[in-house]
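Below is one structure; the comments refer to it alone.
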Amino acid sequence: MPPSSRSDIPQGTLDLLILRVAALGPIHGYAIAQRLQQVSRDVLQVQQGTLYPALHRLERRGLLAAEWKASDTGRDAKFYRLTSKGRVQLKTETDSWSQLIEAIGLVLLDPAEPK
Amino acid sequence: VITRRRSRRDDALEAELRDHLERLSADYVREGATAAEARRRARLAFGGEAVTEACRDERGGHWVETLGREVRLAVRGLLAARTFTVMALLILMLGIGATTTIYSVVDAVVLRGLPFPHADRLVAISEMDSTQPGNAAPQNFFMWRERQTSFRDIAAVAYGGTILPGDGVNEPERLNGEQVTANFFDVLGVMPLVGAPFSAANEVDGNARVAVISYGLWQRRFGGAPDVVGRRLPNQLGDFRIVGVMPPGFSYPVGARDSSDVWTPLVISASGHVRGHDYSYYLQVIARLRDGVSVTAAQTELSGMADRLRTEAPAWYRPVLVQPLHAFVTGPARRWMWLLLGAVICLLLVACVNLAVLMLVRTSARNHELGIRAALGASRRDLARAVVIEALVLSLAGAGLGIGFAWLGGGVLRAALPADVPRAAAIAVDGRVLAVTMLVALVTGVLFSLAPVWQIACQVMPAIRTRGQGRTSGTEQHRLRGALIVAQVALAAVLVIGAGLFVASFVRVSRIDLGVDTRDVLTVRMRPLVGPWNVRVARRDYPDRLQDVLAQARAISGVEAAALVAGGLPFRGDLRTAAFGVPGRALGPNTEIDLNQVSPDYFRVLRVPLRRGRPFTDADRAGAEPVVILNAAAAGTYFPDGDPIGRMVDFQGPRRVVGVIGNIRHDGPETAWRREGFVPFAQSQMPAATIVLRISRPIGEVLPPLKAAIRGQFPDLALPDIEMLGDYLRSLTAWRRASMLVLGLFGVLGLSMAATGIYGVMAYTVVQRTPEIGVRLAIGASPSAILREVLGRAGRQLTRGLAIGLVAAWGVSQLAARFLFQMTPHDPVVYAGAFLVLLVAGLGAALGPARRASRVDPLIALRLE
């Protein structure tokens, strides 16, 4: 299905998305980008210029841990995985995100008809 | 190491990004692109070098690396702004150097602990002598020792100096020493390095000729011989046997410049054991508190004993003071030290504010550069950090210079300190002092960068202009600079007033009429060895030998007059008193006046005026009628109704008063007259005397023949006290001179810094306002109006600062009241003088920039637009 439109990822949510993807198991940067794009059915486009700084930021904050491992191409690639601290962070941020979505939904679905 | 680590991290980053790129192009190939095409599209999609940079930023640079870069940048900036840097370093050197110097003194004298184990448990016990803590009487010491429960042990110390005769190799030598109770070493917690202390069994006559000597004496007199214990130490007090050597560094009195070399058993005569008529207060008492007992508890216990004494034996009652030994040792010097420290902190603050002003001006002048840096992406925090780092680089460099300054200044100050400043020997710029200096430098750096940082924080980032200055600058900046100038002037005013008070006090002290003319008076103390073994010979022969020395001294060319004196030479702390009475008159019990034995020319040498009667002559010799000369104070007290000449008094036997002389301030300019009596030297049997000479030639020409004359009569005599009378006097006022010099210097520095600050701000303001002034001049303002306006602005800031400063000084100077002489800390002349000096200096500093402002060429000014 061709994408109807492409969106930039809302500010502040990229970290959450990366944590979610990394929660599935060790994964390298390129695969993270691919995965985000696929799962969101090509709606979410992540720019490399934002992805890698974000990965390094999360690594510095101790939410991700990285190690160099042999990959499918035969070369070493840098694999990121979620730390326990990152798992807690993912949980809290997911919760607050769901709450936010719910709250926004409630407002938008207000039965009072807009004029 | 850092660079290697960084490159390894960069390599990893590059590898990671390359991996991404390759995977991307592989996907493109899979979609059907050629290899070259795929690589091109991948690189295009990727974004290039910016990603690497962004990652590096997120990762955060290694702090040392960032710091190193910032420091290099700061140094380069400072080297470019040479005038600013030189000024700032000069101010820092003076501020930090002065602080380090004073701190090194205060630290050694006051702050350092005593060099004894658990020194905080040591106390000194004094009996109050009117308002001053004084020595204790042995009777009371014994009472305390018997009844007390607060102390582990309690020891007594009395002066016990002596003279070692020459032994062919060594010159005769005067030794400082103490007579101490045997537990003295135990109380202090320091045992001899070699041998052992003496025991309580030695504290009786006949068994007391044992001595513990200092490490220094062991080395210089015995060459550090290992078999020193048991050797003889014949000296003025008798033939002693050495029982121990104290470890190096042991010193009691603690840290005295001339510390002791011998400690001998304290033998208290029978009269000191009973509460009879021997009221001698001569013991220093020290004690070690029992564990868990506080100083206050010990004080309560001893005060209780004193109170009982008040009813049981009132004549023996004196209030008792128990204080930590540290407080006792540092004593009166403490307040003085705090004063110096306060003054130097004030100076340091002036320096800080001054630097803040300079930094502010510099930061404003750097607006252009900062603007460019902001435009290139530096955050406000980066800019503030750059300013702080520049300040820290400056202050650390300043600290380096300051330490050099302190190293020189410390020597000068140490030499200027009075000899009785405790522990002055320990003054040094050592690790402890250096640590404080570094701390001061860091705090200073942070303090004086606060103002510019605040400015950066408040300011909307300046747009890049073609020039460093705009037509106007923010009112915020104006206000901040104004406030700093006011603060600086206020602090400088406090310093200048402090300096004024001390200088005025010193002038007053110097103008005091001492009653003697101290100029060109050489004094040589001749104290031959007298002991039980030769006392009879000494009494018989020595007076004549002394007279013979005097006769020879008179013949020396360059000696105008010479005399002998025993008893009390002025200013040296010598004093002897004797019972005085007037037959048929009740003067009250224990009436004593000072006793001085002098040869006929004594009053001529010292130029003491004769008020009535006659001076002594050679006819007043042994066998002739005993005579006495009184000073005006004694004559006025005991013969208030008329002429004492020819009257008889009881003073060392019946004597006829033959003269009255003027008063002498015996203990220095800041003391009252004493009542003094003078008797002819020839009518007493004194085996020791000081020879005083009025000389008209350099001391170096007079001294060798004089010494030869003395050696001829007393081959064994040690001559440690050869000094001009004026030098003794100067030592009495040394602390005053030192205070005056230090505070005076601080005043001058504070004043110059304030003037520099005003000049800097005014000059900067004028440059900044040049276009505006140009416009005003072009449309008809008169140059004199411009001049007035700039001066007026400076004047307003000055007066505001002065007002605050005078009020602050009014309050702070109370603390210095006790150091002033015959003046209040609110002396109007000093305050008015300080006001004028600061006003003139401040306006003078503003005058240059103001004149420049009034001479602005409108055309040039407008072209700057």
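Just so it is clear, none of the values below were taken in a lab; they were calculated from the coordinates. The structure presented is a predicted model; accordingly, all values stated were derived computationally and were not measured. Cβ: placed from backbone, ideal geometry, glycine included. Neighbour counts: every protein chain shown.
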(message) About the Cα centre, and with charges only on the beta carbon of Lys, Arg (+1) and Asp, Glu (-1), how big is the dipole of the stretch B:363-455? Nearest 20 debye, please.
(response) 180
(request) State, as an integer percentage, the relative contact order of chain B based on alpha-carbon contacts under 8 Å between residues 6 or more apart. (result) 15
(message) Based on alpha-carbon centroids, what's the gap between the stretch B:358-415 and the stretch A:64-86 in Å, whole number please?
(response) 46
(request) Compute the length gained on full extension between B:Ala586 and B:Ala803: take 0.36 nm times their separation in residues and subtract their Cα-Cα distance, giving the result in nm to one decimal. (result) 72.1 nm
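Computed over the Cα atoms, what is the radius of gyration of the stretch B:166-250 divided by 2.2 N^0.38 Å, N being its residue count?
So the stretch B:166-250 has a normalised radius of gyration of 1.06.
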(message) Just want to confirm a number: the relative contact order over chain A, from Cα pairs under 8 angstrom separated by 6+ residues, in percent.
(response) 27
(request) Work out how much length B:His826 to B:Arg656 would gain on full extension: take 0.36 nm times their residue separation and subtract the Cα-Cα distance, in nm to one decimal. (result) 56.2 nm
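Ranking B:Trp263, B:Trp454 by Cβ neighbours within 10 Å, fewest first, what do you get?
Ordered by Cβ neighbours within 10 Å, fewest first: B:Trp454, B:Trp263.
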(request) Report the percentage of all Cα-Cα pairs in the protein assembly as shown whose separation exceeds 58 Å, rounded to a whole percent. (result) 40
(request) Rounded to whole Å and sorted largest first, list the principal axis extents of the Cα atoms in the stretch B:766-865. (result) 62, 19, 15
(request) Assign unit charges at the C-beta atoms only (+1 for Lys and Arg, -1 for Asp and Glu), then state the dipole size of the protein assembly as shown relative to its Cα centre in Debye, rounded to the nearest 20. (result) 2340
(request) For B:Asp186 paired with B:Asp520, estimate the spin-label separation in nm (one decimal), with each label point 7 Å from Cα along the Cα-to-Cβ line. (result) 6.0
(message) Counting other beta carbons within 10 Å of each residue's own, what order do B:Phe821, B:Phe571 fall into, fewest first?
(response) B:Phe821, B:Phe571
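State the Kirkwood hydrodynamic radius of the stretch B:97-136 in Å, one decimal place, computed from all pairs of distinct Cα atoms.
About 12.8 Å for the stretch B:97-136.
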(message) Please report the projected area of chain B's Cα convex hull averaged over all directions, in nm².
(response) 55.4
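Evaluate E = 1/(1 + (r/R0)^6) for B:Leu839 and B:Arg479, where r is the Cβ-Cβ distance and R0 equals 22 Å; express this FRET efficiency to the nearest 0.05.
0.50
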(request) Starting from the Cα-Cα distance between B:Arg18 and B:Ala33, subtract it from 0.36 nm times their residue separation and give me the gain in nm to one decimal. (result) 3.5 nm
(request) Quote the charge dipole size of chain B about the Cα centre in Debye, to the nearest 20; the model charges only the Cβ of Lys and Arg (+1) and of Asp and Glu (-1). (result) 2600
(request) Normalise the Debye intensity by I(0) for the stretch B:527-628, one equal point scatterer per Cα, no solvent, then take log10 at q = 0.13, 0.20 Å⁻¹ and round to two decimals. (result) -0.65, -1.35
(request) Give the long-range amide H neighbours of B:Tyr159: residues separated by 5 or more places, or on another chain, with amide H under 5 Å away, using H modelled in the peptide plane at 1.01 Å from N. (result) B:Gln179
(request) Within a 10 angstrom radius of each residue's Cβ in B:16-25, how many Cβ atoms of other chains show up on average? Whole number is fine. (result) 6
(message) In the stretch B:341-385, if the dipole is taken from +1 on Lys/Arg beta carbons and -1 on Asp/Glu beta carbons about the Cα centre, which of B:Met359, B:Leu341, B:Leu383 is farthest to the positive end?
(response) B:Leu383
(request) Could you give me the percent of Cα pairs per 10 Å distance bin for the stretch B:363-449, shortest bin first, beginning at zero and ending with the bin that holds the maximum distance? (result) 15, 32, 23, 15, 10, 5, 0
(message) Neighbour counts of other C-beta atoms within 10 Å: give me B:His20, B:His277, A:His56 arranged from fewest to most.
(response) B:His277, A:His56, B:His20
(request) Please report, in cubic angstrom per residue, the volume enclosed by the convex hull of the alpha-carbon atoms of the stretch B:222-265. (result) 100
(request) Pull up all non-local amide H partners of B:Arg152: gap of 5 or more, or a different chain, and H-to-H distance under 5 Å with H placed in the peptide plane. (result) B:Arg288, B:Leu289, B:Arg290
(request) Enumerate the calculated ³J(HN,Hα) couplings along the stretch B:70-83 in order (Karplus 6.51 cos²θ - 1.76 cosθ + 1.60, θ = phi - 60°), each rounded to whole Hz, writing x wherever the residue is Gly or Pro. (result) 4, 5, 4, 4, 5, 4, 4, x, 5, 5, 5, 8, 5, 4
(message) Given a Förster distance of 56 Å, report the FRET efficiency between B:Thr300 and B:Glu171 from their Cβ-Cβ distance, rounded to the nearest 0.05.
(response) 0.60
(request) Excluding residues on the same chain fewer than 8 positions from A:Lys78, give the aspartates and glutamates whose Cα lies under 13 Å from its Cα. (result) A:Glu59, A:Glu67, B:Asp11, B:Glu14, B:Glu16, B:Asp19
(message) Spelling out what I want: for every residue of the stretch B:213-219, take phi, set θ = phi - 60°, compute 6.51 cos²θ - 1.76 cosθ + 1.60 (Karplus), and round to whole Hz; glycine and proline get x.
(response) 10, 7, 4, x, 5, 4, 5
(request) Set the Förster radius R0 to 56 Å, insert the Cβ-Cβ distance between B:Val748 and A:Thr92 as r into 1/(1 + (r/R0)^6), and round the FRET efficiency to 0.05. (result) 0.30
(request) Wrap a convex hull around the Cα atoms of the stretch B:301-393, take a quarter of its surface area, and give that in square nanometres. (result) 11.1
(request) Check cross-link reach from A:Lys91 to the aspartates and glutamates: straight Cα distance under 16 Å, and skip same-chain residues fewer than eight apart. (result) A:Asp15
(request) Report the label-to-label distance for B:Arg697 and B:Met648 in nanometres (one decimal), using points 7 Å from each Cα along the Cα→Cβ vector. (result) 4.9
(message) In whole Å, what are the extents of the stretch A:17-115 along the principal axes defined by its C-alpha atoms, from largest to smallest?
(response) 60, 29, 21
(request) Using θ = phi - 60° and the Karplus relation 6.51 cos²θ - 1.76 cosθ + 1.60, list the HN-Hα couplings for the stretch B:401-415 in order, rounded to whole Hz, with x at every Gly or Pro. (result) 5, x, 5, x, 4, 5, 5, 6, x, x, x, 5, 5, 4, 5
(message) Ignoring everything except DSSP H segments at least 4 long, calculate the 222 nm mean residue ellipticity for the protein assembly as shown; use -39,500 (n - 2.57) per segment, divide by total residues, nearest 500.
(response) -17500 deg cm²/dmol
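How large, in Å, is the stretch B:666-774 by the Kirkwood hydrodynamic radius built from its alpha-carbon pairs?
Numbers: mean 1/r = 0.0486 Å⁻¹.
Mean inverse Cα-Cα distance, inverted, gives 20.6 Å.
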(request) State, to one decimal in nm, how far the label point of A:Asp42 lies from the label point of B:Leu376, with both points 7 Å from Cα in the Cβ direction. (result) 4.4
(request) Using DSSP, restrict attention to beta bridges with both residues in the protein assembly as shown and report what percent are antiparallel, rounded to the nearest 5. (result) 80
